[in-house]
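The next block holds one structure in the form of structure tokens; read it before the comments.
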Amino acid sequence: MPFNEDYYNSEDFKELLNHYEASMKEGEHPFMDADELVDIADYYNHFGRNDEANDVIEHALQLYPYATLPNVFMARQALMDCDYDLARHYSDCIEDHDDPDYHYLQAEILIAEGYIDEADNYLHNYEKSVDSDEYQDFVKDCANLFIDYGESQKAYEWMMRSPGDNTDDFKELMAHILFCLENFNDSERLFKELIDNNPYSSKYWKALAGIQLINEDYSNAVTSSEYAIAINPTDAEAILIKANALLNLENYDEAEKYYQRYCEINPGDETGPFHRGMCLIFKGKHQEALEFLLQAEAIAEPESLYLPQIYQEQAFCYSSLKLPHKALEVLDKIDSQYNDPNNLLVLKGHILLENGLNEEAEEMWKQAMINSNYSTIIMLRIVVSLYDNHYVEACYHILKKSFEHFKDDQDFYPQAYPYMALCCHDLGYKEEFLHYLKLAVKKNPQKTKSAIGFLFPEEIDVKDYYKYMVQKISE
């Protein structure tokens, strides 16, 4: 369920929390009702103060062993550990089976176990007993349950059962659900409406910035995140969004400053030093970058999704510093579950080629092609590596032969056209360049923009690349 930021920032809650903490300092557990104690536990839990949260709930259960909310809290903690039997134990301890939170918990256990349709049916059956004046809240609660478990479509279906709700919390939930459904335009529109009503809400500005970042609207992402940071200067997420947007705008100096700010707020998160290293790599400072990448590795947990990227960038740094064998050692750290073994062979070949070990690189790539059953994806990665190492003519001839060899593979061509256009451009083959550019724009505009967009002014839409280049060449 969502964290009620407005309530936890209210004077009423602050007074409640101060009373609780003052009593604890005196060595006494204060006497409060169950709901108040659960509010305090939720607050502690949200800010990672898990031990304190558990202490509060233990106290609540001593006072009210059959109360709904303390048992719901413990059941949800059990669900986080995938201990469904323990979750049902706490569910069975709840005395009031008419309490809506009891029914939400029954549905949540089903969702957590993967019984999505059964949970949906359970809530539809319970829906019949919900009073009309409570129906709007019921719809939002059901949607929240499903969105918490990544079931965006089910959440959307519940929201659409609302007869009409123009409240901010309804709009906010709908905006989040639309975001999860990748309907970024409508999600952005709703957050803008929310900001019109709440211009000093850092969470709305931050959410808007996040959507703009996903939509590659980097300039507006910077602006929106700046509003969020102005309202809350220590909002780590808003700072990270701004840093990421600046990085994509290739403003590496400013991006690094904001990654540094993020590191100061979240020193235990590898995201900050990893991206500081990336900024330095883009500035060609590989030795300095390596220091931050090693720092990121030291911080990261073994299961971190960033580790393969950290190792990969370390390898590229070692390669740039003419230490290819050290680079290969680092790549060996990448677990095959995070990276295709054949892709690792391509990366190793890239490093060998970059350091003049051409025959060794060729052997690596041969092995990758054989192991992958001559995958076109692996072949294209080899082409990109060759291009990055300035073997443009070799790329051109490989692609030429590939168009004949893979003529029955219709998925290959849209991926290959942008690279072929780029090779033709660099080699000065104007007619072929225009031919493949036209095909690339038509078949794969997204890849075309990422692969050869640097050849065009930023304001030119990818659909106009061919027209623009025909005019430019004819001048």
Item checked: Flag if Gln367 is more than 30 Å from Met379 (Cβ to Cβ), open to solvent by 70 Å² or more (accessible area, probe 1.4 Å) and more than 22 Å from the chain's Cα centre (by Cα) -> no
Margin query: I need a count of the residues in the stretch 2-44 that are open to solvent by less than 100 Å² (accessible area, probe 1.4 Å), part of a helix (DSSP H, G or I) and free of Cβ contacts under 8 Å to residues at least 60 places away in the same chain.
Written below: 24
Next item on the list: Determine, yes or no, whether Tyr262 is part of a helix (DSSP H, G or I), among the hydroxyl-bearing types (Ser, Thr, Tyr) and closer than 20 Å to Ala238 by Cα.
Entry: yes
Check: Cβ-Cβ below 6 Å, separation at least six or inter-chain, first residue in the stretch 219-244 and aromatic (Phe, Trp, Tyr), second open to solvent by less than 70 Å² (accessible area, probe 1.4 Å) and part of a helix (DSSP H, G or I): which pairs?
Finding: Tyr227/Trp205
Next item on the list: Just give me the residues in the stretch 79-132 being polar (S, T, N, Q), surrounded by fewer than 16 Cβ atoms within 10 Å (Cβ to Cβ) and assigned to a helix (DSSP H, G or I), in sequence order.
Entry: Asn121, Asn125, Ser132
Next item on the list: Evaluate the following for Asp148: is it within 20 Å of the chain's Cα centre (by Cα), of a type outside the set (Ser, Thr, Tyr) and open to solvent by 20 Å² or more (accessible area, probe 1.4 Å)?
Entry: yes
Notebook entry, point to check: Restricting attention to the stretch 46-64, does a residue exist that is at pLDDT 90 or above and closer than 22 Å to Asn144 by Cα?
Noted result: no
Checklist line | Close pairs from the stretch 311-338: first among the acidic types (Asp, Glu), partner modelled with pLDDT of 95 or more, Cβ under 8 Å, at least 6 apart | finding: Glu313/Phe274; Glu313/Gly277; Glu313/Met278; Glu313/Ile281; Glu313/Ala289; Glu313/Leu293
Next item on the list: Could you list all residues from the stretch 50-78 that are more than 32 Å from the chain's Cα centre (by Cα), surrounded by fewer than 19 Cβ atoms within 10 Å (Cβ to Cβ) and within 14 Å of Met24 (Cβ to Cβ)?
Entry: Asp55, Glu58
Checklist line | Test for Ile231: is it touching an Asp or Glu at 6+ places or on another chain (Cβ under 9 Å) and among the β-branched types (Val, Ile, Thr) | finding: no
Check: Mind checking whether some residue in the stretch 412-429 is open to solvent by 90 Å² or more (accessible area, probe 1.4 Å) and on the phi < 0 side of the Ramachandran plot?
Finding: no
Next item on the list: Please tell me if Gln295 is assigned to a helix (DSSP H, G or I), touching a helix residue (DSSP H, G or I) at 6+ places or on another chain (Cβ under 8 Å), more than 16 Å from Tyr259 (Cα to Cα) and open to solvent by 40 Å² or more (accessible area, probe 1.4 Å).
Entry: no
Next item on the list: Would you check which residues across the stretch 45-78 are at negative phi and assigned to a loop (DSSP other than H, G, I, E, B) and list them?
Entry: Phe47, Arg49, Tyr64, Pro65, Tyr66, Ala67
Check: Which residues, taken from the stretch 325-364, are open to solvent by less than 20 Å² (accessible area, probe 1.4 Å) and either over 28 Å from Glu303 (Cβ atoms) or of a type in the set (Lys, Arg) (or both)?
Finding: Gly349, Leu352, Leu353, Ala361
Next item on the list: Those residues that are farther than 20 Å from Leu344 by Cα and in a helix (DSSP H, G or I), I need them from the stretch 298-313; list them, please.
Entry: Ala298, Ile299
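The values are calculated or read from the model by the stated rules, or taken from the named source; none is laboratory data. Nothing here was measured: the structure is a model prediction, and the numbers come from that model. For neighbour counting, all protein chains shown are included, and Cβ atoms are generated from backbone atoms with ideal geometry for every residue, glycine included. When the accessible area is computed, the model is the full protein with side chains, heavy atoms only, and any ligands, DNA or RNA have been set aside. Shrake-Rupley method; radii C 1.70, N 1.55, O 1.52, S 1.80 Å.
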